[in-house]
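Below: the structure, in C-alpha cells.
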Number of protein chains: 2
Amino acid sequence: MSNQPPVGYLLKQAQSLLRLRMDEALKPLQLTVSQYSCLHLLRREPGISAAALARGTFMTRQSMNSMLQLLLDRGLVDRPDHAESGRALPTELTSAGRDSLDAAEARVDEVEHRMLSALSRSENDALARALTRCVIALGT
Amino acid sequence: MSNQPPVGYLLKQAQSLLRLRMDEALKPLQLTVSQYSCLHLLRREPGISAAALARGTFMTRQSMNSMLQLLLDRGLVDRPDHAESGRALPTELTSAGRDSLDAAEARVDEVEHRMLSALSRSENDALARALTRCVIALGT
DNA sequence: GATTGTATGTCAGGATACTGACATGAGCAA
DNA sequence: TTGCTCATGTCAGTATCCTGACATACAATC
C-alpha cells in the first residue's frame, strides 16, 4: 500500500499545475488565466457587473475592477462610464474580445483535454461530482 | 441533464474555497496556508533545502526564501548562516515551530475532514486517484 | 418621507508571489 | 587542471491580488 498524499495536497498540486499549463498556453495571446476566466464569463453573461464577475471567478471586486481596466485599455471589453440605473456598470465583450476568447478557448480546451485524457468518461463524471460535493461541504 | 461545469472550473472553485477555509482556520495562529505547507514539509524532511521546499509546495525558490526569512524571524524554523558543503542551507523546525505546526494541523485536518465528509471512503480514494492521474497527464 | 440595510464602484495601502539576473559551489568530462 | 553544466541562494523590480475604507444608489421598512 502506497500511502497516498492527502486530497487537499493533491488538489493544490493539480490546480497549480493546471494553472501553470494554462498560463503557458495563453502566454502567446498575452492573457492570464484570470483574464481568460473573466472573458469566458462575460460571454456567458453579457452585461454582468464587475462584482458579479468577481464572484464567478473567485476574486474580490477590487481586483476584478483593476483587471477590467486593463481589458478596457486593450479594447477587449466595453462598459459605460455611468450606470443608467443603480451603480452596477454592465460590461460586455467587444468584437476583439470575442476573437481573443475564441483563440484562448481553443488553447485552454487542449490543455484541459490533455489533463482529462487520463480518465474514462465515467471517471471524469465521478471527478466532477466529487469536486462539486466538496465545494458544497465547504459551504458558500 | 444538468450541464455540469467543466472539471477545470470545479478544480479552481474547490481549491479556492479550500484555501479560503484553511486560511480562516489558520488565522488565529498567524499562519497562512503556504507557511503551513512549508512547516509540514519541514517536519517530514528535516534539513531540506529552500529550493527543494519550494518545489514541494509549488512555489519559486525566491518566494520560499523570503517566506523562510519570516519564519526564521518568528523563531519557527532554523538554518545555518553558511553551508557546510555546497550552497544548500539545510532548514529545520524549531521546538516552537513544531508546536505551531501541531496546532495548525489539527485545525487544517478539521477543514479537510469537513470537505471529505461528503464522500464515501471509496469515493475519496477514487478522487485521489483521479487527481493523481490528472497531475501525471499534465506532465512534470 | 425618513431610516436602515445591502450592493456596487472606487481609492489607498500592503502582502505575496513572480520573473530576470547574478555569483557561488559541486559534479562531470575532456 | 580546465571548462562546462547544473543547482542553490540572493538581489532587484514587477505584477497580482488582497484588506480596509468611503461614497453612492437602490430596496425595504417604519
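Can you tell me which residues in segment B:48-64 are within 14 Å of B:Gln35 (Cβ to Cβ) and more than 9 Å from DNA strand C (Cβ to nearest atom)? Of everything in segment B:48-64, those that are within 14 Å of B:Gln35 (Cβ to Cβ) and more than 9 Å from DNA strand C (Cβ to nearest atom) turn out to be B:Ala50, B:Leu53, B:Gly56. Within this structure, B:Gly8 fails the test of being touching a residue at least 40 places away in the same chain (Cβ under 8 Å), more than 9 Å from DNA strand D (Cβ to nearest atom) and of a type in the set (Gly, Ala, Ser).
Just one residue in the set A:Arg79, A:Arg61, A:Arg21 is more than 14 Å from chain B (Cβ to nearest Cβ), in contact (Cβ under 8 Å) with a residue 12 or more places away in the chain, basic (Lys, Arg) and in contact with a helix residue (DSSP H, G or I) (Cβ under 8 Å, 6 or more places away or on another chain); that residue is A:Arg79.
Is it fair to say B:Leu10 is among the aliphatic types (A, V, I, L, M) and open to solvent by 50 Å² or more (accessible area, probe 1.4 Å)?
Numbers: among the aliphatic types (A, V, I, L, M): yes; open to solvent by 50 Å² or more (accessible area, probe 1.4 Å): no.
When the stated conditions are applied, B:Leu10 does not pass them.
Okay, residues lined up against (1) touching a Leu at 6+ places or on another chain (Cβ under 7 Å); (2) within 14 Å of chain B (Cβ to nearest Cβ):
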residue: A:Asp73; (1), (2): no, no
residue: A:Gly86; (1), (2): no, no
residue: A:Asp99; (1), (2): no, no
residue: A:Asp102; (1), (2): no, no
residue: A:Arg107; (1), (2): yes, yes
residue: A:Ala126; (1), (2): no, yes
residue: A:Thr140; (1), (2): no, yes
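A single entry from B:Ser117, B:Ser95, B:Ser100 fulfils the requirement of being closer than 14 Å to B:Cys38 by Cβ and among the hydroxyl-bearing types (Ser, Thr, Tyr): B:Ser100. Selection of first residues in segment B:26-47 that are closer than 14 Å to B:Asp78 by Cα and of second residues that are basic (Lys, Arg) and surrounded by fewer than 19 Cβ atoms within 10 Å (Cβ to Cβ), restricted to Cβ pairs under 8 Å at least 6 apart or on distinct chains, gives the following pairs, ordered by first then second residue: B:Arg43/B:Arg98.
The values are calculated or read from the model by the stated rules, or taken from the named source; none is laboratory data. Just so we're clear, the structure is a prediction, and the values are computed from it rather than from any experiment. Glycine gets a Cβ as well: all are built from the backbone with ideal geometry, and neighbour counts include every protein chain shown. Accessible surface areas use protein heavy atoms only, side chains included; no ligands, DNA or RNA. Shrake-Rupley method; radii C 1.70, N 1.55, O 1.52, S 1.80 Å.
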